[in-house]
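Shown next, in structure tokens, is the structure this report addresses.
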Amino acid sequence: MSKLAVGITHHKKLVVTIFSVVLLASLVMMLMVNVNYNIVDYLPEDAQSTKALEIMQEEFNGELPNTRVMIPDVSVQEALDFKKKLDDLDGVSNVLWLDNVIDLRVPLEMADKDTVESYYKDNNASFSLTVRSGDEVEVVDAIYALVGEKGYVSGNAVSTASAQKMTGTESTNAMLILIPLIILILVLSTTSWIEPVLFLLAIGVSVAINMGTNIFLGNVSFVTSSVSPILQLAVSLDYAIFLLHRFSEYREKTDDVALAMQMAMKKSFPAIAASAATTFFGFVALVFMDFRIGSDLGLNLVKGITLSFISVMVFLPAFTLLMYKLIDKTRHKAFMPKFKGIGTLVNKVKIPVIIIAVVLIVPSFLAQSRTSFTYGTGKIAESSKEGQDAIAIDSVFGKSNAIVILVPKGSVSQELALSKELAQQPSITSVVTFANMAGTSIPPEYLDKEIREQFYSENYCRIIAYTSTEDEGEEAFGVVDNVQKIAKSYYTDSVYTLGTTSNLFDMKTVVTRDNAVVNLIAVLAIAFVLLVTFKSISIPILLLITIETAIWINLAIPYFAGQPLVYIGYLVLSTVQLGATVDYAILYTDNYRANRKIMSAKDAVKATLADTFFSVLVSSSILASAGFVLYATSSNPIVGTIGLLLGRGTLLSVAMVIFFLPPVLALFDKVVKATTIKADFYKDK
């Protein structure tokens with residue numbers, strides 16, 4: 001480290017130049033990074049839905065129906081004319097309406113009423129269609145232009161288009177709110193007007209490089225695009241603060257600015273490395289998720305933390321040496337008090353705090369595992385155009401979710417029997433297949449190729465069942481399970497289902513399995529880092545209990561409030577909160593152990609809180625602000641859930657570190673001494 005520090009300080013202009021070039025290249029590459037808004041793409045390769053989608057793409061031309069359009073006050077002929085206009089739009093395919101399921105040459109009064117009213121009711125026409133994946137924004141805009149003010153449009157394609165439009169705007173809004181907040185916090189906590197700029201610049205450079213180098217990953221998920229930059233900024237800002245605080249200390253001991261920076265780099269390296277390591281391994285755990293939206297975010301954050309560490313240890317020292325005179329010129333008095341009395345306060349409330357924490361541990365652990373979960377992106381905001389259109393369509397035709405069933409190509413009569421049994425199931429409103437459209441007497445070869453290819457490929461027959469359930473939930477998942485069982489009773493193997501509800505059904509299975517694996521990896525990895533850092537068996541256990549209790553309380557709140565929680569947010573947060581906030585416990589414990597060598601446990605608690613409370617307060621304020629800003633600015637339920645849980649979880653972790661950990665370390669003082677290598681604790685005379 002000493003040689004590296006000397007090299008960086010002696011070649012500071014070269015270092016800054018190299019980082020500037022990389023930064024400019026990253027800013028250009030950032031504009032070319034693709035963002036994936038299709039959550040289904042992140043299901044594991046062996047998931048039933050993934051295999052079904054691969055078969056669909058290989059054997060059929062059309063994709064899944066993903067959009068509903070309702071046109072009010074139209075005749076049957078006008079509806080048919082409108083259907084043709086929809087079908088003629090570039091990017092629209094598989095437009096299904098009443099003429100696809102019954103013969104319109106027969107009077108509607110003679111047809112099955114339920115079937116007719118699934119598509120045409122009270123002079124309202126409801127169309128089901130497919131919008132081409134990847135072009136949702138342009139195609140949905142074209143549909144809106146076609147239907148005009150009197151038409152209504154809803155569905156997954158509309159949600160995806162809306163998400164694409166909002167993600168960039170919301171990320172920008174979040175940064176516009178968060179950066180001034182961080183600057184305010186840093187101005188209040190430092191003694192130079194320019195230091196906050198240096199902190200933000202060092203981490204900002206690494207954030208930009210991280211976002212630009214995502215181009216080598218092919219694409220990133222919309223969750224990663226929204227969450228990763230803000231999390232990276234909030235979590236790694238501490239590294240810059242640690243380094244410059246050390247630099248300020250050594251400048252008081254020597255007039256040689258370069259030497260002061262070298263000493264600061266050498267002295268702060270272990271603390272920054274330990275802090276980065278716990279966060280790093282916390283995020284590494286996400287990489288092991290089978291549901292790849294977690295691994296996508298985890299990989300991005302691991303890369304980001306690594307780049308932040310490099311930026312702080314290489315770029316920031318060099319740039320600071322070029323700017324130190326400006327730092328000196330912009331000095332101001334300290335705005336924040338020293339909080340010397342915090343140790344006395346903690347000592348007064350230690351018994352009730354320990355009792356409350358012990359009482360809450362078990363119920364919180366049980367409650368957080370019994371919270372009601374959602375597995376998709378949640379309900380649409382009713383105030384939005386998309387939400388209002390969905391309500392209007394549902395009020396006339398009810399819910400309509402498509403479940404596509406792929407079965408081996410074979411007997412048309414067998415397909416007809418299956419479609420009839422499916423149509424009799426509760427919550428299934430209609431079934432569209434070749435057999436119930438053309439009957440068993442007309443061979444598929446006699447029909448138009450375009451019509452035939454909607455239902456048959458070389459190896460598979462495609463059946464579409466429409467249900468009246470919500471996208472997810474016990475009833476919706478029960479329908480999917482029932483459909484799969486019925487289809488397999490006709491075809492023993494090679495039966496697949498896909499569609500929004502089917503995909504979410506698979507997602508539930510995958511992410512529930514991920515939970516135990518990811519949490520176990522995170523806890524074991526961070527426990528190992530703590531074991532190496534403190535050379536103690538008891539300290540890692542006490543620190544993990546402190547932070548895990550905060551996590552359990554945080555995740556139990558929705559259960560007691562009776563609010564469902566987006567499972568992906570729950571799963572990601574349980575790892576992120578551990579990796580991001582265990583640093584506060586490390587900072588306190590490291591200082592406590594040093595003080596305990598020269599004073600009693602009681603005095604060490606007071607001295608350590610006086611030394612560390614301010615640093616923990618600043619760091620946690622930034623991280624909590626990042627979480628609450630994400631929650632306030634994001635319309636995406638997954639991103640919003642991560643933000644809310646992160647903000648609230650940070651405050652809970654801080655409360656546990658300040659009020660619970662100090663008295664617990666003092667209480668188990670003898671155990672800590674006996675289980676720590678070279679503890680060298682002070683002995684009272």
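The values are calculated or read from the model by the stated rules, or taken from the named source; none is laboratory data. From a predicted model like this one, the values you see are computed outputs, not experimental measurements. Please note: Cβ atoms are built from the backbone with ideal geometry, for glycine as well, and neighbour counts cover all protein chains shown. Protein only, heavy atoms only, side chains kept; ligands, DNA and RNA dropped before computing areas. Shrake-Rupley method; radii C 1.70, N 1.55, O 1.52, S 1.80 Å.
Quick look at the numbers
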| quantity | calculated |
| --- | --- |
| Rounded percent of accessible protein surface that carbon and sulfur make up, the stretch 186-271, 1.4 Å probe | 61 percent |
| Distance in nm between pseudo-label sites at Glu475 and Glu149 (7 Å out along the Cβ direction from Cα) | 3.5 nm |
| Accessible heavy-atom area order of Glu249, Glu548, highest first, probe of 1.4 Å | Glu249, Glu548 |
| Where labels lie 7 Å past Cα in the beta-carbon direction, separation of Leu322 and Gln164 in nm | 4.0 nm |
| Distance (nanometres) between label positions extended 7 Å along Cα→Cβ at Ser384 and Asn61 | 3.3 nm |
| Restraint check, Lys113/Lys399; Lys266/Lys670; Lys150/Lys385; Lys12/Lys329, Cα-Cα greater than 24 Å | Lys266/Lys670 |
| Full-extension gain in nm, His332 to Ile183, via 0.36 nm per residue minus C-alpha separation | 52.2 nm |
| Peptides 150-158, 87-95, 405-413 ordered by average Cβ neighbours within 10 Å, highest first | 150-158, 405-413, 87-95 |
| Percent RCO, i.e. relative contact order, over the stretch 34-144, from Cα pairs under 8 Å lying at least 6 residues apart | 33 percent |
| The chain, accessible area per residue, ligands and nucleic acids excluded (1.4 Å, Å²) | 43 Å² |
| Chain lengthening between Ser20 and Ser411 when straightened (0.36 nm per residue, less Cα-Cα) | 134.1 nm |
| FRET efficiency estimate (nearest 0.05) - Cβ-Cβ, Thr512 to Glu109, R0 60 angstrom | 0.75 |
| Principal-axis tilt of helix 316-329 within the chain, Cα atoms, nearest 10 degrees | 60 degrees |
| Relative contact order (%) - criterion: Cα under 8 Å, at least six apart; region: the chain | 19 percent |
| Cβ-placed point charges (K, R +1; D, E -1), dipole of the stretch 474-533 about Cα centre in debye, nearest 20 | 120 debye |
| Heavy-atom accessible surface of the stretch 602-685: percent carbon and sulfur, 1.4 Å | 62 percent |
| Eligible lysines near Lys409 by straight Cα distance, threshold 25 Å, same-chain separation 8 or greater | Lys51, Lys420, Lys449, Lys485, Lys488 |
| Calculated FRET value between Phe365 and Lys670, using beta carbons and R₀ = 30 Å, to 0.05 | 0.65 |
| Fraction of antiparallel bridges per DSSP, the chain only, in percent to nearest 5 | 85 percent |
| Helix-derived mean residue ellipticity, 222 nm - over the chain, DSSP H n ≥ 4, -39500 (n - 2.57), to 500 | -22500 deg cm²/dmol |
| For the chain, projected area of the alpha-carbon convex hull averaged over all directions, nm² | 34.1 nm² |
| Highest average packing first - 234-240, 328-334, Cβ atoms within 10 Å | 234-240, 328-334 |
| Peptides 633-641, 48-56 ordered by average Cβ neighbours within 10 Å, highest first | 633-641, 48-56 |
